[in-house]
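The values are calculated or read from the model by the stated rules, or taken from the named source; none is laboratory data. What you are looking at is a predicted structure, and each value in this text was computed from that prediction instead of being measured. Reconstructed Cβ throughout: ideal geometry from the backbone, glycine too, with neighbour counts over all protein chains shown.
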Amino acid sequence: MNSKKESAERRGAMTVISYVILGLAVILVAYPILFLIFTSLKTSQEFYVNLFGIPRDFQWANYPRAWNTGHLGMYFMNSVVVTVASVLLTVVFSALGGYALGKMNIPRSELIIMAFMTFNFIPGIAIYISLYTMMAKFRMLGSYFALIAPYTAWQIPFSMYIFKKFFETVPMDIIESSRIDGCSELRTFRSVVLPLITPALATVVVFNFINNWGELMWAQITTASSINMKTLTVGLLNFKTEMGVEWGQYSAGLCLVTVPLLLLFGYFQKYFIAGLTQGAVKG
Amino acid sequence: MSKLKGKNIYLAKGLLFLLPATAVYVFFAVIPFFDNLILSFHSWSGFGGKEFVGFSNFIEAFRDKNFLLAIKNSVYLGFASSLVSVIVGVLLAWLLLYVGSGIGGFFRTILFSPSMIPAVITALIFSFVFEPEMGILNRLFEAMGLESLKHAWLTNKSTVLNCILFVSAWKQVGLTMVLCFAGMQSIPKSLFEAARMEGAGEGAIFLRIILPLVMSFVQLSAIFALMAGLKIYDTVLALTNGGPGKFSVVMPMWIMQNAFSFNHYGYGASMSLIFVVIVLLSMVLAKGVVKGETYEL
C-alpha cells in the first residue's frame, strides 16, 4: 500500500518536472521564430527601442517592400517552379520503382535498394564538381533543367525506399485479383495500390519539399552567373547586404520563406511523422 | 509452366517500372561520382586539357592546413551535434510520456518545427541572436545585469564552433525526439505498470526498460544527426562564412572554394573523395558504438 502511494508521488513529481522542462524547451525553440515574425512587423526605429516584444504598430508594408526589393519575388517563383516540378517527378519515378521492387518479382530487390541507399550517403560535393562540368558542356547552366533534374534524382533513393516498404505491406491478393480482373499493371498500380499507401505519399512529398525548397549548395553553384535563375535560399543570403540595416524588411523576407512552410506542414506533420517512423525503422 | 511465364512477364514489366528512377539517378548521381573519381587524379583549371598527376592532389590535401582544419571542424560538429541532439532528444521524448496527449501534441509540433525550416534560414535567424551589438543574447545579458557574459559570439575563437553546434542541434533535436517518442509509444503500458508495482522508480524504468527498447530508434536518429553534422555547410556559411579568418571552415566549404573560386577542379575532386571516406568511416564507427538491437514486442 505504502509503495503504491510512493510510486504515485514519484509519478506526480515527474509530471511537474516534465511540464517545466518541456515548457522551457518550447520557449527556446519558439521564441527565435516568433522574434523573426515580430521583427518583420516593426519599423527600424522600433527595432532599436523595442527589441524583444510584440510590435506596437504592425508594419504590414514591410512584406510588399521585401517582395519588391532585390528580386525576392522572382526568386520565390523560381523556388516554387523548381521545387514543385522536382517533387512531382521524384514521386512518380520512385513510386513506380518502389512498386517494382516491392511487388513485381525483381530478384535481389533488397540489394538494389541498399545500393541506392548507400550511394545516397555520399556527400553532394563529391558529385557537384563533375556534374557542374557536365552541365556546362551541355550548355544547361542557368536553366531550370539544371536544378530540376538533379533535385529529382537525388531524392529518389530515400523516396523509393519508403515506397518499397509501404508497398510490401499491401496484400498480394488485392493485386492478384485486380490483375485477374484484367487491369493493366499501370492501372492496378494507380487505382488499386496507390490509394492504400497515402501516408507514404505524404511522407515523400513533405520530405522532398523541405529538402529541395531549402537546398543551397547546388543552387549556388549552378546559378552563380545567372541572376534570373537564383532560388530563394541563394537570394536570401545576398539579401542581407542589399537591405542594409532595414531589419523589418529583412525579417519580412525571411518570413516569406518560412511561414508558408510552417503553416503547410504544420497540417501534414502527423502523416509525415507517422510515415517517416514506419518507413525508416521497421525492417 | 504458364505460371512461370506469368512471372517473367511481371519481371519484365517490373524492370520497365524501375527504369526511369534508375536512369535518372545513374545519370545525375552515379556517373558524376565516377567522373569525379577520375578527375581527382588530374590537375584541371576548368579550361583546356586535364593533366594526369597521380596521387599528388591527395598528398597536397594532407599538407593543406585549411583542409586539415576543415576535417577537424566537420568531424567535431558531426559527432558533437549527434551526441547533443541524441541526449536532449531522448530526454525530451521521455518527458513527453508524462504529459497529457493534447498538450504533448502541441509541444511536439513546436519542437519539431525547426526541422521544417531551411538551414540557411535558421542560421540567418541565429545571426540575429548572436550579433554583438543588437543581438538578442547580448541584450538579454545586459538587461539581466550580466555584462561580463557578453561576447562577440561568432567572431571569437573560443565560442564560434559551439555557437554553430548549438544552431545545428537546435534544428536537429526535434527529429530525434519525434523518432524516439514513436519508439517509446509502441512499448506496452503494462510493462511500466508491472515495474511500478515492483517498486521501480521512474529513473530506473527509463534506464532499464525504455532505453533498451528504443535503441534502434536511437541508433537511427544518431546516424541522421551525424550525417547532418558532418555535411554541415549552409549553417556555417550563413553564420560565419568560415570565420573568423578560416577558423570555422568546414569540409564542403573549403572544397567549394577550391573548385569554384580558385578553379582547382582536380584538387577539389580529390578532397571531396577524402570527405566521402571520412563520412562512410564515421557512419560505420557510429553503427558500432550505438548498437541498435531489435526487440520483438
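Can you report the number of residues in the stretch A:54-72 which are without any contact (Cβ under 8 Å) to a residue 40 or more places away in the chain and either buried (at least 16 other Cβ atoms within 10 Å of the Cβ) or within 13 Å of chain B (Cβ to nearest Cβ) (or both)? Steps first, answer last, please.
As a first pass, look at the stretch A:54-72 and keep what is without any contact (Cβ under 8 Å) to a residue 40 or more places away in the chain: A:54-58, A:60-61, A:64, A:68.
Okay, now just the ones that are also either buried (at least 16 other Cβ atoms within 10 Å of the Cβ) or within 13 Å of chain B (Cβ to nearest Cβ) (or both), so A:55.
So the count comes out to 1.
Mind checking whether some residue in the stretch A:157-174 is farther than 17 Å from residue B:18 by Cα, facing chain B (nearest Cβ under 10 Å) and not aliphatic (A, V, I, L, M)? Give the derivation first.
So in the stretch A:157-174, the residues farther than 17 Å from residue B:18 by Cα come out as A:169-174.
Checking which are facing chain B (nearest Cβ under 10 Å) leaves us with none.
Checking the stretch A:157-174: not a single residue is farther than 17 Å from residue B:18 by Cα, facing chain B (nearest Cβ under 10 Å) and not aliphatic (A, V, I, L, M).
May I ask you to list the residues in the stretch B:31-41 that are touching a residue at least 12 places away in the same chain (Cβ under 8 Å), part of a helix (DSSP H, G or I) and surrounded by 18 or more Cβ atoms within 10 Å (Cβ to Cβ)? Quick ask: steps written out before the conclusion?
Looking only at the stretch B:31-41, we keep the residues that are touching a residue at least 12 places away in the same chain (Cβ under 8 Å), and these are B:36-37, B:39-41.
Filter once more, keeping what is part of a helix (DSSP H, G or I): B:36-37, B:39.
B:36, B:39 - these are the residues of the stretch B:31-41 that are touching a residue at least 12 places away in the same chain (Cβ under 8 Å), part of a helix (DSSP H, G or I) and surrounded by 18 or more Cβ atoms within 10 Å (Cβ to Cβ).
If the requirement is being within 7 Å of chain A (Cβ to nearest Cβ) and at pLDDT 90 or above, which of these qualifies: B:124, B:11? Working first, answer last.
On the way: B:11 fails: at pLDDT 90 or above.
Within the list B:124, B:11, the selection yields B:124.
Residue by residue through the stretch B:42-68, note down the ones that are among the hydrophobic types (A, V, I, L, M, F, W, C) and surrounded by 18 or more Cβ atoms within 10 Å (Cβ to Cβ). Can you show your working first?
Kept after step one, since they are among the hydrophobic types (A, V, I, L, M, F, W, C), are these residues of the stretch B:42-68: B:44, B:47, B:52-53, B:55, B:58-59, B:61-62, B:67-68.
Residues satisfying the conditions are B:44, B:53, B:61, B:67.
Please verify whether residue A:51 is surrounded by 15 or more Cβ atoms within 10 Å (Cβ to Cβ), more than 30 Å from residue A:163 (Cβ to Cβ) and either within 12 Å of another protein chain (Cβ to nearest Cβ) or under 25 Å from the mean Cα position of the chain (by Cα) (or both), treating the condition exactly as stated. Give the steps one after another, and end with the answer.
Details: surrounded by 15 or more Cβ atoms within 10 Å (Cβ to Cβ): yes; more than 30 Å from residue A:163 (Cβ to Cβ): yes; either within 12 Å of another protein chain (Cβ to nearest Cβ) or under 25 Å from the mean Cα position of the chain (by Cα) (or both): yes.
Criteria met by residue A:51.
Could you check, for the stretch B:240-247, whether at least one of its residues is under 23 Å from residue B:76 (Cβ atoms), more than 8 Å from every other protein chain (Cβ to nearest Cβ) and within 15 Å of the chain's Cα centre (by Cα)? Steps first, answer last, please.
Filtering the stretch B:240-247 down to residues under 23 Å from residue B:76 (Cβ atoms) leaves B:240-247.
Cutting the leftovers down to more than 8 Å from every other protein chain (Cβ to nearest Cβ) gives us B:240-247.
Those still in the list that are within 15 Å of the chain's Cα centre (by Cα) too: none.
No: zero hits.
Quick one: would you say residue B:73 is surrounded by 14 or more Cβ atoms within 10 Å (Cβ to Cβ), touching a Ser or Thr at 6+ places or on another chain (Cβ under 7 Å) and within 13 Å of chain A (Cβ to nearest Cβ)?
Taking the combined requirement at face value, the residue does not satisfy it.
Tell me, please, whether a residue that is at pLDDT below 95 and touching a Gly at 6+ places or on another chain (Cβ under 6 Å) can be found in the stretch B:47-55.
No, the stretch B:47-55 has no match at all.
Could you run through the stretch A:212-237 and say how many residues are touching a helix residue (DSSP H, G or I) at 6+ places or on another chain (Cβ under 8 Å) and closer than 16 Å to residue A:73 by Cα? Even if it seems obvious, please write down each step before you answer.
Just the residues of the stretch A:212-237 that are touching a helix residue (DSSP H, G or I) at 6+ places or on another chain (Cβ under 8 Å), to begin with: A:212-224, A:228-237.
Among the residues that remain, those that are also closer than 16 Å to residue A:73 by Cα are: A:213, A:228-237.
Looking only at that region, the number is 11.
Could you please find all residues in the stretch B:172-193 being out of contact with any Leu (no Cβ under 7 Å at 6 or more places or on another chain), closer than 17 Å to residue B:98 by Cα and among the aliphatic types (A, V, I, L, M)?
Listed by number, the residues that qualify are B:178, B:182, B:191.
Conditions tested, residue by residue: (1) more than 7 Å from chain A (Cβ to nearest Cβ); (2) within 15 Å of the chain's Cα centre (by Cα).
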residue	(1), (2)
B:222	yes, yes
B:226	yes, yes
B:233	no, yes
B:252	no, yes
B:256	no, no
B:260	no, no
B:286	yes, yes
B:289	yes, no
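Quick one: which residue in A:18, A:79 is part of a helix (DSSP H, G or I), buried (at least 22 other Cβ atoms within 10 Å of the Cβ) and of a type in the set (Gly, Ala, Ser)?
From the options A:18, A:79, the qualifying one is A:79.
Counting only residues that are in contact (Cβ under 8 Å) with a residue 24 or more places away in the chain, within 7 Å of chain B (Cβ to nearest Cβ) and among the hydroxyl-bearing types (Ser, Thr, Tyr), how many does the stretch A:104-152 have?
Of the residues in the stretch A:104-152, 1 are in contact (Cβ under 8 Å) with a residue 24 or more places away in the chain, within 7 Å of chain B (Cβ to nearest Cβ) and among the hydroxyl-bearing types (Ser, Thr, Tyr).
In the stretch B:57-148, which helices (runs of 4 or more DSSP H) lie fully inside it and hold 1 or more residues that are in contact (Cβ under 8 Å) with a residue 60 or more places away in the chain? Can you show your working first?
Numbers: elements: B:65-96, B:101-112, B:119-130, B:136-143.
Per the criteria, B:65-96, B:101-112, B:119-130.
Taking the stretch B:181-196 only, how many residues are in contact (Cβ under 8 Å) with a residue 40 or more places away in the chain and closer than 12 Å to residue B:112 by Cβ?
1
Given the conditions (1) within 21 Å of residue B:259 (Cβ to Cβ); (2) within 22 Å of the chain's Cα centre (by Cα), report the number of the one that residue B:45 does not fulfil.
(2)
From B:100, B:174, which residue is at pLDDT below 95 and surrounded by fewer than 23 Cβ atoms within 10 Å (Cβ to Cβ)?
B:100 is the lone residue from the list that is at pLDDT below 95 and surrounded by fewer than 23 Cβ atoms within 10 Å (Cβ to Cβ).
Here is a check on your reading of the model: is residue A:158 in a helix (DSSP H, G or I), of a type outside the set (A, V, I, L, M) and at pLDDT 90 or above? Reasoning before the result, please.
Values: in a helix (DSSP H, G or I): yes; of a type outside the set (A, V, I, L, M): yes; at pLDDT 90 or above: yes.
Taking the combined requirement at face value, the residue satisfies it.
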